[in-house]
Amino acid sequence: MVNAPTLALDLPFAECLGRGKVREIYALGEDLLLVATDRISAFDVVMAEGIPGKGQVLTETTAFWLDLLRDVVPNHMLSVDVDAWPEVPASYRDVLRGRSMRCRRCQPLPVEWVVRGYLTGGGWSEYQQGGQVSGIQLPAGMSHASQFDEPLLTPSTKAASGHDEPISFSRCIELVGEAVANAARDAAIALYRRGAEHALARGIVIADTKFEFGLLDDQLVLIDECLTPDSSRFWPADEVSPGSKPTSFDKQYLRNWLLETGWDKAPPPPPLPSDVVTATAATYAEIQRRLTA
């Protein structure tokens, strides 16, 4: 049988190809099976406790966006209907239902394509120090939560462990080639614009997000998660103005609590109180409801 999906899975019918901070990847026939557990990380450290329902939120939210945005760029999703997959024994379907996605196999690009629409997070810290974000010079006098005239692409490496590192677009070209880099840049910004438009109509600002792409027969394909609370910063639109500090519909609540404990951001993390787990779970569920209802 399967271990509780909160922290780990044991799927003897499928070969495990990799385990990330949150997702586990298996071979399923000629395809990939992506399973989102309830694990949560902060400051690149996985917490000992899971967030109930988080895996379903990530998978269902991603599936919603991939379906909505497939006219912008093709994606790797084949199905989220675990009951339609003959390779999955019936005894495993309940634990996989809602948190699993069957996908095409692609060659992932070694870059995370981060798009920023507002000045916040690490970008705000950089701007305060030198007026730039990832080497992009910005106008003087901007405040936290100021909106950029145009979305900024600030790509980063995809670190197997530790922290991702910002890289220049010229470095992206070196890594993936000029044609692919240009296509990924244009696709990331187009995806952000379309996603931001949809979210704003539902009272949500997407401050920033990251996309990942792969190649399938030399065609650029959107892969992994898309516009989820793990990969994006969501704000209530009515709280956003230059100089404001809007509420975050993501793991920022957890990060704030961890910072208040004085934790040094090195493993092991402090145990999470039940009220922090409950509040984090409620935040994930609320942003899914508001974006996809």
Exercise. How high is the relative contact order of the chain, in percent, counting Cα pairs under 8 Å that sit 6 or more residues apart?
Worked result: 20
Exercise. Assuming R0 = 25 Å, what is the FRET efficiency of Q147 and S79, from their Cβ-Cβ distance, to the nearest 0.05?
Worked result: 0.10
Problem set entry | Ranked order, L175, L33 - accessible area, probe 1.4 Å, largest first | L175, L33
Seminar exercise, completed: Straight-line reach check, K251, cutoff 18 Å on alpha carbons, 8 or more apart in-chain or any other chain, hits among lysines -> K21, K54, K210, K265
Exercise. Full extension from A27 to S168: what is 0.36 nm times the residue separation minus their Cα-Cα distance, to one decimal in nm?
Worked result: 47.4 nm
For this session: Restrict the search to the range 223-271; then list the trypsin sites (Lys or Arg not before Pro) that DSSP places in a loop and that have at most 14 other Cβ atoms within 10 Å of their Cβ.
Result: K265
Exercise. Under a GNM of the chain (C-alpha, springs under 10 Å), which listed residue has the highest mean-square fluctuation: T261, T209, T154?
Worked result: T261
For this session: Determine, from the Cβ-Cβ distance of R93 and R19 and an R0 of 30 Å, the FRET efficiency 1/(1 + (r/R0)^6), rounded to the nearest 0.05.
Result: 0.90
Problem set entry | Equivalent ellipsoid semi-axes, the range 138-293, via Cα gyration tensor eigenvalues times 5, rooted, Å | 28, 21, 17
Seminar exercise, completed: From most to least accessible, 1.4 Å probe, no ligand or DNA/RNA atoms counted, F169, F249 line up as F169, F249
Seminar exercise, completed: GNM of the chain, Cα pairs under 10 angstrom: of W124, W263, W113, the biggest fluctuation goes to W263
Exercise. So for I206, I136, what's the accessible-area order with a 1.4 Å probe, most first?
Worked result: I136, I206
For this session: Under a 10 Å cutoff between Cα atoms, tell me which one of E260, E239, E165 has the largest fluctuation in the Gaussian network model of the chain.
Result: E260
Exercise. If you place +1 on the Cβ of every Lys and Arg, -1 on the Cβ of every Asp and Glu, and leave all else neutral, what size is the dipole of the range 40-92 about its Cα centre, to the nearest 20 Debye?
Worked result: 100
Problem set entry | Cα-centred dipole magnitude for the chain, charges only on beta-carbon of K, R (+1) and D, E (-1), debye, nearest 20 | 360
For this session: Only Cα pairs under 8 Å and at least 6 apart count here; give the relative contact order of the range 1-117 as a rounded whole percent.
Result: 26
Exercise. Using alpha-carbon pairs under 8 Å, 6+ residues apart, how would you state the relative contact order of the range 60-193 in percent?
Worked result: 23
Problem set entry | Dipole of the chain [Lys/Arg +1, Asp/Glu -1 at C-beta], most positive-end residue of V57, Q147, S274 | S274
Seminar exercise, completed: Once Lys and Arg are counted +1 and Asp and Glu -1 for all other residues with Cβ under 12 Å from that of G203, the total becomes 0
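The values are calculated or read from the model by the stated rules, or taken from the named source; none is laboratory data. Owing to the predicted nature of the structure, the values given are computational and were not obtained by experimental measurement. FYI the Cβ positions are ideal-geometry reconstructions off the backbone, even for glycines, and counts take in every protein chain you see. The accessibility values were calculated without ligands, DNA or RNA, using every heavy atom of the protein model including side chains. Shrake-Rupley method; radii C 1.70, N 1.55, O 1.52, S 1.80 Å.
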